[in-house]
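Structure first, commentary second.
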Amino acid sequence: MNIIVQKYGGSSVGTTEKIKRVAEEIKKSKEESNEIVVIVSAMGDTTDELLELAGAVTNKPDSRELDMLLNTGEQVSIALLTMALQDLGCKAVSLTGAQLHLETTSSHQKARIKDIDLSRIKKELNQGRIVVVAGFQGVTDDEEYTTLGRGGSDTSAVALAAKLDARCEIYTDVEGIYTCDPRLLPGAKKLNHTSYEELIEMASLGAEVIHPRAVELAQKYQVPLYIAESCSKAEGTIINGNIDYLEASLVTGIAVNRDDIQITLRDLEADSYILAEVFNSLAEAEINVDMISQLLDKSGRMNLSFTIPEMDIEKARELIAFYRKDWGVSDWWIRSEVVKVSVVGPGMRTQPGVAAKVFKLLAQSEIPILMVTTSEIKISWLVPAGYEEEAVKVIGYNFGLTLEKD
Ligand code: ADP
Ligand code: ASP
Ligand code: MG
């Protein structure tokens, strides 16, 4: 028998009605003589609501206790989905990350999976049960509860599929992967197929349709992925293989990330060791830096700007206040109303001109540019918040990423 791992996101299990519909779908897959492992996220906006509850009690929630709280979200949906399956006459059992021994590192809210003990899942499958697993959560070797980062249920699903040597179907609230978030770019095209590499770029640049670490894992263990709309007959997107550069399109898609903030430090001492110290201190505080720009001014001092996730703003503030004198910083500020718009395209590797064309389009639309970074197959522009929709539209329409012009 084939094992299939199916993941249903928060939007697909947002109400009890939806949970019942999802249960019908799972029952159908099971009847096609498959062994089914289902991963579910918390219902609808539950995780946001739990975070709000924590915020109402304290400004600085303890990260262990936050994970204790966030773990409850997925526990509700696995229990309800399992009851709905049982109500349809299916044999099913729900399991939390801890019951599964989905072992992770101990960094709360951004734990990484170390291993998964398959013995319990195998035992349940052998007894003919559908196994319903809580996504997003894990446990450390000393029994502490953890979570994998927002959107992490996708990663739970792919990790389980990798361990079980199964294919992984991710069901969500859109028909598949589009050239850009269809909510941002009306008329965005659905992709029938894409490569792991392109999707890794899109996801890590902000296309929240899938967690970037999930696609990285899928590529590493060659897990075939299928992303589609839950309870719909529409064809989804198949993700496998690498980019075929001969066939590669110039631009595959656009991604938008609203989760970062920009920090600027002025008048640093122009010394590479100072730069190394700045980034080392950020790394030690587990703050991921994304875009970086550094400029020497005429007087030989250095100005430095970089972006970091908004969730780390307080840690960064404390760190800079502590070190600013050592680094010679005369002035510094945080700009939080920023958005990163990125263009992903394997064809950029061999064909020049994408950056030039986008700069022109942004200039014609009078969109201010705060920072730019490039890599082999992507270019990112940081723009003030509020300009992203216009940027996405002019780029999308001019690179053929939409079905037709508005
Ligand atoms: P789930 O609850 O299933 O995990 P998410 O909200 O995390 O769903 O992801 C689905 C959403 O991702 C879609 O509703 C869509 O707005 C957004 N999205 C962003 N970029 C893309 C893209 N390139 N293709 C499809 N959807 C995208
Ligand atoms: N419930 C978690 C979140 O909202 C995990 C997930 O949905 O993948 O981030
Ligand atoms: Mg998601």
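The values are calculated or read from the model by the stated rules, or taken from the named source; none is laboratory data. Just so it is clear, the model here is predicted, and its values are computed rather than measured. When we count neighbours, we look across all protein chains shown, and the Cβ atoms used for this are built from the backbone with ideal geometry, even at glycine.
Worth a mention:
- Close pairs (9 angstrom Cβ cut-off, 6 or more residues apart or separate chains): on the phi > 0 side of the Ramachandran plot in the stretch 166-189, outside any strand (DSSP E or B) and crowded, with 22+ Cβ neighbours inside 10 Å anywhere: GLY176/VAL209; GLY176/GLY236; GLY187/GLY396; GLY187/LEU401
- Residue check, LEU250 within 16 Å of ligand 2 (Cβ to nearest atom) and within 23 Å of SER342 (Cβ to Cβ): no
- Just one residue in the set LEU102, LEU88, LEU70 is more than 16 Å from ligand 1 (Cβ to nearest atom) and either crowded, with 23+ Cβ neighbours inside 10 Å or without any contact (Cβ under 8 Å) to a residue 40 or more places away in the chain (or both); that residue is LEU102.
- Filter result for the condition that a residue is of a type outside the set (D, E, K, R), away from ligand 2 (no atom under 16 Å from the Cβ) and not in a helix (DSSP H, G or I), over SER281, SER293: SER293
- Qualifying positions in the stretch 38-73 - among the hydroxyl-bearing types (Ser, Thr, Tyr) and farther than 14 Å from PHE136 by Cα: THR58, SER63
- Qualifying residue in the stretch 57-65 (condition: within 12 Å of ligand 2 (Cβ to nearest atom), more than 18 Å from TYR8 (Cα to Cα) and at pLDDT 95 or above): no
- Failed condition for ALA321, given (1) in contact with an Asp or Glu (Cβ under 7 Å, 6 or more places away or on another chain); (2) exposed (fewer than 13 other Cβ atoms within 10 Å of the Cβ): (1)
- Residue satisfying all of: in the stretch 109-129; of a type in the set (D, E, K, R) and not in a helix (DSSP H, G or I); farthest from LYS60 (Cα to Cα) among these: ARG129
- Tabulated pairs, the stretch 209-235, first under 13 Å from ALA159 (Cβ atoms), second among the charged types (D, E, K, R) and within 12 Å of ligand 1 (Cβ to nearest atom), C-beta under 6 angstrom, 6+ apart or interchain: HIS211/ASP154; ALA214/ASP154
- Number of the exception - GLN109 against (1) away from ligand 3 (no atom under 16 Å from the Cβ); (2) under 15 Å from the mean Cα position of the chain (by Cα); (3) surrounded by fewer than 19 Cβ atoms within 10 Å (Cβ to Cβ): (1)
- Inspection of the stretch 200-211 identifies at least one residue that is in contact with a helix residue (DSSP H, G or I) (Cβ under 9 Å, 6 or more places away or on another chain), within 16 Å of ligand 2 (Cβ to nearest atom) and not in a loop (DSSP other than H, G, I, E, B).
- Among residues of the stretch 28-39, those that are within 16 Å of ligand 2 (Cβ to nearest atom) and either closer than 20 Å to LYS233 by Cα or of a type in the set (Phe, Trp, Tyr) (or both), counted: 1
- Any hit, the stretch 313-325, residues being closer than 30 Å to ASP62 by Cα and not in a helix (DSSP H, G or I): no
- In summary, strands (runs of 3 or more DSSP E) completely within the stretch 214-270 and bearing 1 or more residues that are away from ligand 3 (no atom under 16 Å from the Cβ) occur at 237-239, 253-257, 260-268.
- Qualifying residue in the stretch 360-373 (condition: assigned to a helix (DSSP H, G or I), at pLDDT 95 or above and surrounded by 13 or more Cβ atoms within 10 Å (Cβ to Cβ)): yes
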